[in-house]
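The values are calculated or read from the model by the stated rules, or taken from the named source; none is laboratory data. What you see is a predicted model; the values in this text were computed from it and never measured. Heads up, the Cβs are rebuilt from the backbone with ideal geometry, glycines too, and the neighbour counts pull from every protein chain shown. These area figures cover heavy atoms from the full protein model, side chains too; ligands, DNA and RNA do not enter into them. Shrake-Rupley method; radii C 1.70, N 1.55, O 1.52, S 1.80 Å.
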Amino acid sequence: MTTHGDPATPPGAPAVAVRTGPHEAGEAPPGTTGDGLSAALAGLRAAIGAARFPLALPSAEPARHAAAGLTDQLDDYLLPRLARLDAPLLVVVGGSTGAGKSTLVNSLVQARVSAAGVLRPTTRSPVLVCNPTDSAWFRQGDLLPGLTRTNEPSENPGTLHLVTAPALPAGLAFLDAPDIDSVVDANRALAGQLLAAADLWLFVTTAARYADAVPWELLRSARARGAVIAMVLDRVPPEAADEIAAHLSEMLAAQELGAAPLFVLPETWVDGQGLLPDKVTAPLSAWFSRLAADADVRSAVVRQTLDGALAALQPAVDGLADAADEQVAAADALEERVRAAYRGAERTVEQGLKDGRLLRGEVLARWQEFVGTGEFFRTLEARIGRLRDRVVAAVTGRPAPAAELRNAIESQLVILLRGVASEAAENAYTGWKAHPAGAALLDPPLAHPSEDLPERAERLVRDWQRGVLDLVREEGGDRRFVARTAAYAVNATGLAVMIAVFASTAFIPTGLEVATGAGTTVAAQAVLQAIFGDQAVRNLANKARDELLDRVGALLEEEAARYLGRTAEARPVAETGTALRRAAAEVEMARHRSGLSRTDGPVLPPAGTGGAR
């Protein structure tokens, strides 16, 4: 007689979620290993949990998938199994759609514990069947803690239906997993997760599907992590049994899985309960009985699978670390493309203050109108010392042209700033669009400057102009012309400083400037030298130029921040790769010290005779 659910649970009782601690209070966990390996695994679990792969690189999605798989394996199998090496051996029964997994499990435990039928997928939530004496271990929730324990079948793949069967020997449990090639994504993902939590894989395939690609991908994965495997070749026509079994054996040997016991089940009927005839399952049932009866063999199976899974961690984590490093490098590359674009904009502004381009057009016309004719300045240059006061009076007596000149200077600078900001935004946008990680972060407005840039640029220039006037007041504070002419002198002299800033450094006019301005630079220099003296003029112009460039740099930094803010939000921690590699190395060292070791030869008993190869 087979009992469904825990013996203490009345039939038809509602599903319950059991999330107790690893062991009952006061119970010492037997069969544990040293704390060093457990602590190293906990550190690795934390490092993987902290890893992020937010940037849209080709390696990002595989890394996220791998990280989730490693986390599941640590939580579902490695940590709980390491804590209880003496826990019952978990055999996960996996295979393709329609391979007969549920029918086989039912037949081995001599009861309908798992739904079987022609509709696919049949097994929606996993079913775990064990001897009643072993149910406490599986009901605790240490193994596969993310699955809610239930006493009855469920359509929810996030549940684990627990069933007890007295016909199943103690020390052994079967877990009927969903199809590995299920059309339901959640079922397919759960099947892979459950297989990673197995001490022993019982892989079921059919004569018609044993060469399919999906099962072999999982078998290669099992081999890579040292999992112990047994194979069942189901629904084999008797006349082709030898040929098909031989071919499958060759395929297993080619994949370095030749040591896996292979059981061949012929095509046959099922009885009224949906169970296979005893004579068909007898060799497999006897094999499992021998396995359950031999604690040393069970322990060897557990240790080999556990050690193999531990050994496979380091290369898998190295792949995660490489992907994390790629994330950091991509973030750096994206930020450098933005900074390069806006550095170029700053250089353009700086060059514009040196090459005379800002002295052309409206600024030049208003300057000439403000200070007088060119002939007047040629005369002024020759007699500057004698006419200093007269020059000041002439300059300060033209308030209307001064306002027009200031507006022209402001307009010219704003046009320059809008132009360089537009070019920088376009260059940054193009640079990001060409990068896979950057393209995913872009929005169309980023291709243009901020909407309020014109207003901010105008405010910048006006603030700079006021700053120049403050400089003039500071430099000329002890000079008689300021006291005599008051605000007119400061305003007019400030305009001359602004014009001088548009020229080559230190008022050394180039041929371009002289040709463009018809002596404008020389005129501005003459006015200022008449007031301050040669060295003071150079200091004043340099300060005004530096102040303007600082303000422009701050404006462009604000524009670049629209891009850099996006990388800052998505940027992974720079040390993620290093932390992952260090944690994996600590696990590997602890593994070697733990006493776990992989056995060179087969650890499973031979398949036996009569229906087995």
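Which shape class applies to the stretch 128-179: rounded if a/c is under 1.5, otherwise prolate when a/b exceeds b/c and oblate if not, where a ≥ b ≥ c are the square roots of the Cα gyration tensor eigenvalues? It is prolate, given that a/c is not under 1.5 and a/b is the larger ratio.
Near Thr159, the amide H atoms lying under 5 Å from its own belong to Thr148; only residues 5 or more places off or on other chains count, and H is placed 1.01 Å from N. Our Cα-only numbers for the stretch 80-202 put the radius of gyration and Dmax at 13.1, 40 Å. In the stretch 550-589, the portion of solvent-accessible area held by carbon and sulfur atoms comes to 53 percent [1.4 Å probe, whole percent, DNA, RNA and ligands not counted].
Seen from Val93, the other residues with C-beta closer than 13 Å to its C-beta sum to a net charge of -3, counting Lys and Arg as +1 and Asp and Glu as -1. Each other residue within a Cβ distance under 13 Å of Gln110 adds +1 if Lys or Arg and -1 if Asp or Glu, for a net charge of -1. Relative to one another, the C-alpha centroids of the stretch 314-331 and the stretch 192-240 are positioned 31 Å apart. The fraction of accessible area contributed by carbon and sulfur in the stretch 71-210 is 55 percent, rounded to a whole number (1.4 Å probe; ligands and nucleic acids excluded). Using the Karplus relation 6.51 cos²θ - 1.76 cosθ + 1.60 with θ = phi - 60°, the per-residue 3J(HN,Hα) values for the stretch 229-246 come to 10, 10, 10, 10, 9, 9, 6, 9, x, x, 5, 10, 4, 5, 5, 5, 4, 5 Hz, with x marking Gly and Pro. In order along the stretch 415-430, phi translates into HN-Hα couplings of 4, 4, 5, 5, x, 5, 5, 5, 5, 5, 4, 5, 5, 5, 4, 5 Hz, rounded to whole numbers, per the Karplus curve 6.51 cos²θ - 1.76 cosθ + 1.60 with θ = phi - 60° and x for Gly and Pro. The percentage of C-alpha pairs in the stretch 220-349 whose separation is greater than 19 Å is 71%.
Note on exposure: Leu471, Leu580 ranked by accessible area (1.4 Å probe, complete protein assembly) read Leu471, Leu580, with the most exposed listed first. With bins 5 Å wide beginning at 0, the percent of Cα pairs of the stretch 252-323 falling in each bin runs 3, 11, 11, 15, 16, 13, 11, 8, 5, 4, 1, 0. Under a 5 Å amide H cut-off, with hydrogens placed 1.01 Å from N, Leu265 pairs with Leu233, Asp234, Arg235, Val236 among residues at least 5 apart or on other chains. What the stretch 60-178 shows is 29 Å² of accessible area per residue, with the surface traced by a 1.4 Å probe over protein heavy atoms. For the residues Lys279, Lys354, Lys101, Lys433, a 1.4 Å probe over the protein chains yields an accessible-area ranking, largest first, of Lys279, Lys433, Lys354, Lys101. Convex hull volume per residue, computed on the Cα atoms of the stretch 197-268, equals 82 Å³.
On average over all directions, what projected area in square nanometres does the stretch 36-109 have, based on the convex hull of its Cα atoms? Dividing the Cα hull surface by four gives the mean projection, 7.5 nm².
A straight Cα-to-Cα reach below 29 Å connects Lys354 with the lysines Lys543, residues fewer than 8 places away in its own chain not being considered. For the stretch 220-227, putting each phi into the Karplus relation 6.51 cos²θ - 1.76 cosθ + 1.60 with θ = phi - 60° gives couplings of 5, 4, 5, 4, 4, 9, x, 5 Hz, in residue order, rounded to whole numbers and with x for Gly and Pro. Averaging 1/r over every pair of different alpha carbons in the stretch 71-110 and inverting the result gives a Kirkwood radius of 12.3 Å.
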